[in-house]
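The structure under discussion appears below in the form of structure tokens.
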Amino acid sequence: MRILASYLIGLVFGVGISISGMANPAKVLNFFDLFGTWDPSLAFVMGGAVVTAFIGYRYALKRPKPILEGRFQLPTRRDLDRPLILGSATFGVGWGIAGFCPGGAIPALGTGRTEVVLFMAALLAGILTAKTLQRRRASRLAAT
């Protein structure tokens with residue numbers, strides 16, 4: 001049942017990303033081009049997502065537990081540390097350069113376009129590099 005629910009949630013997300021145009025890097029890049037071909041529609045997509053999540057979380061968190069899990073898995077940390085800030089900045093810069101974020105690139109993989117495949121390869125390389133650096137940092141801290 002969890003696999004089916006995950007598939008359906010991913011399908012709805014992918015269709016929504018595709019319909020909104022967020023799988024099109026030109027549309028995303030136009031959002032960042034404030035003094036050129038600025039396209040504000042991304043702000044409406046993000047605003048709609050924020051409102052939907054706000055309402056959805058208020059409703060879902062009133063339940064004692066999720067439908068398909070034993071408990072809610074919510075973040076417990078509230079501090080802003082260096083890895084969070086650097087990771088957010090890297091995400092934003094990458095999104096602005098490539099016109100893709102992971103959420104938009106995954107559905108766009110179905111197009112078979114070379115730039116999407118290259119973006120996903122770079123994303124995976126970045127994830128593996130970050131994990132390696134985190135392990136090295138953790139082992140250095142444990143050694144001291």
Matching helices (runs of 4 or more DSSP H) fully within the stretch 1-70 where at least 2 residues are loosely packed, with under 11 Cβ neighbours inside 10 Å = 2-20, 41-60
For the subset of the stretch 84-125 comprising residues that are of a type in the set (F, W, Y), closer than 12 Å to P25 by Cβ and part of a helix (DSSP H, G or I), which member is nearest to the chain's Cα centre (by Cα)?
-> W95
Restrict the check to the stretch 75-83 and report whether at least one residue is at negative phi, surrounded by 10 or more Cβ atoms within 10 Å (Cβ to Cβ), assigned to a helix (DSSP H, G or I) and under 18 Å from the mean Cα position of the chain (by Cα).
-> yes
Go through (1) touching a residue at least 12 places away in the same chain (Cβ under 8 Å); (2) of a type in the set (S, T, Y); (3) loosely packed, with under 10 Cβ neighbours inside 10 Å one by one and return the number of the condition T144 breaks.
-> (1)
Residues located in the stretch 14-48, provided they are of a type in the set (S, T, Y) and free of Cβ contacts under 8 Å to residues at least 12 places away in the same chain | T37
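Read-outs: derived from the displayed coordinates by stated rules, not from any lab. No experiment lies behind these values; they were computed from the predicted model shown. No Cβ is skipped: glycine too gets one built from the backbone with ideal geometry, and neighbour counts run over all protein chains shown.
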